[in-house]
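The values are calculated or read from the model by the stated rules, or taken from the named source; none is laboratory data. Remember, predicted model here, so these are calculated numbers, not experimental data. Neighbour counts are summed over all protein chains in view; Cβ atoms, including those assigned to glycine, are modelled from backbone coordinates with ideal geometry. For the accessible areas, the whole protein counts, side chains as well, though only heavy atoms, and no ligand, DNA or RNA atoms are used. Shrake-Rupley method; radii C 1.70, N 1.55, O 1.52, S 1.80 Å.
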Amino acid sequence: MTNPRIYLDHAAATPLRPEARAAMEQGFALWANPSSPHAEGRKARAALEDARERVKAALEWEGEVIFTSGASEAAALALDAVNAVHDIASAVEHDAVLRGDRPEWTLPVRHDGAADLLALSAESRPSELLVDDPENRSLVAVQHVNSETGNRQHIGFAAEVIHDNGGLILVDCAQSAGKFPLPRMADMAIVSAHKYGGPVGVGALLVQDYALLHPAGGQERGYRRGTENLPGVLGMMAALEACCEPYIDPAVLAPLDALAAEVRALGGEWLSDRLSDPTPFIRAIAMPRLSAQAQLMRFDMAGIAVSQGSACSSGTMKRSHVLTAMGLADDLADRTIRVSFGWTTTRPEVERFCEVWLDMARRV
């Protein structure tokens, strides 16, 4: 009998929690358009609004919640509808934030992955950005936890600097919601359900006040186009409420400590060593003398799913913009894979990954 495959790409998508599946089934059973005035529509609207309040309670968010089709739509909504003139983003943001003609200016990061907030000083940034003028306001996007390295930004300090300069802060919490406390000092925050065991295709933009945005559609208080995904919203809510503290038992990830020592001894690099605030659920590892693409194929043949960089951009075979922004040498970046862990990850799976990584590195 073949061994079951091991999925270690939870930063891309975490398996659906049973609580979410049950809630979605309830949503399908009472499905109607929540905007319809008939009895079925009113029942659906009541379920939607109850889910909205429960999501706010689970996240301890005192502002408003706009349900979306996921993090990418939430980012687009924030950038397109915000009552601000200029866009700034850190160099390690997700492609959904960096894509197209945005941002106007990129906030650099240090070699440890932390946003260089000193660059926001008047001496360093373009003079027209982050001026204390409500008519010329800037929106600054800063990711909470990076999807490729697991590094966590100091959002409290970032928000203080940005607010002192008259700006707004948008925080991408796709990789942190359900795992870490939400940074409530954010003006807006992005949440994605499938990162913590909710269904794919649903997320939210959290806003402190609707006044931060101008209306862009007919649904969600007029701030979104498209009928709400009621089953998805109920699944998102249930999965969020099922998250616990800690998100993963530390004992499950304990074998990684021994692997880190072996990686260093073999001439590889454990990228958490250089991060300003590494988090436990996403790890980036560089293997000596073997490209990440070759590693992915060999892991796949061994029954283990890992990734190279963000899942939304890894299919392009481009070098990681995150690792480049951190100043990693091209050769090192090209030998780096990402492993990430979720609520279904078991200690034997982690041990098996460590075993295969070491065998591969020693053979090379």
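In the range 73-113, which residues are without any contact (Cβ under 8 Å) to a residue 40 or more places away in the chain and either among the hydroxyl-bearing types (Ser, Thr, Tyr) or not in a strand (DSSP E or B) (or both)?
Result: Ala76, Arg99, Gly100, Asp101, Arg102, Pro103, Glu104, Thr106.
Counting just the residues of the range 101-112 that are open to solvent by 30 Å² or more (accessible area, probe 1.4 Å) and in contact with a helix residue (DSSP H, G or I) (Cβ under 9 Å, 6 or more places away or on another chain), which one comes out farthest from Asp172 (Cα to Cα)?
His111
Looking at the range 154-173 only, could you name the residues that are within 12 Å of the chain's Cα centre (by Cα) and open to solvent by 10 Å² or more (accessible area, probe 1.4 Å)?
Passing the criteria: only Asp172.
Determine whether the range 240-255 contains at least one residue that is touching a strand residue (DSSP E or B) at 6+ places or on another chain (Cβ under 6 Å) and either among the hydrophobic types (A, V, I, L, M, F, W, C) or open to solvent by 30 Å² or more (accessible area, probe 1.4 Å) (or both).
No; the residues of the range 240-255 include none that is touching a strand residue (DSSP E or B) at 6+ places or on another chain (Cβ under 6 Å) and either among the hydrophobic types (A, V, I, L, M, F, W, C) or open to solvent by 30 Å² or more (accessible area, probe 1.4 Å) (or both).
Open to solvent by 10 Å² or more (accessible area, probe 1.4 Å), in a helix (DSSP H, G or I), modelled with pLDDT under 95 and among the small types (Gly, Ala, Ser), is that true of Ser272?
No; evaluated as a whole, the condition is false for this residue.
Considering only residues that are in a loop (DSSP other than H, G, I, E, B) and either modelled with pLDDT of 95 or more or surrounded by fewer than 16 Cβ atoms within 10 Å (Cβ to Cβ) (or both), which ones fall in the range 295-312?
If the condition is that a residue be in a loop (DSSP other than H, G, I, E, B) and either modelled with pLDDT of 95 or more or surrounded by fewer than 16 Cβ atoms within 10 Å (Cβ to Cβ) (or both), then Ala302, Gly303, Val306 are the ones that fit.
Could we say that Ala260 is touching a residue at least 60 places away in the same chain (Cβ under 8 Å), over 18 Å from Thr68 (Cβ atoms) and either in contact with a helix residue (DSSP H, G or I) (Cβ under 9 Å, 6 or more places away or on another chain) or surrounded by fewer than 21 Cβ atoms within 10 Å (Cβ to Cβ) (or both) here?
Judged against the criteria, Ala260 is not a match.
So which residues in the range 50-70 are aromatic (Phe, Trp, Tyr) and either surrounded by fewer than 19 Cβ atoms within 10 Å (Cβ to Cβ) or out of contact with any helix residue (DSSP H, G or I) (no Cβ under 7 Å at 6 or more places or on another chain) (or both)?
Within the range 50-70, just Trp61 meets the criteria.
In this structure, does Val140 turn out to be open to solvent by less than 10 Å² (accessible area, probe 1.4 Å) and either within 30 Å of Arg335 (Cα to Cα) or among the basic types (Lys, Arg) (or both)?
Answer is no for this residue.
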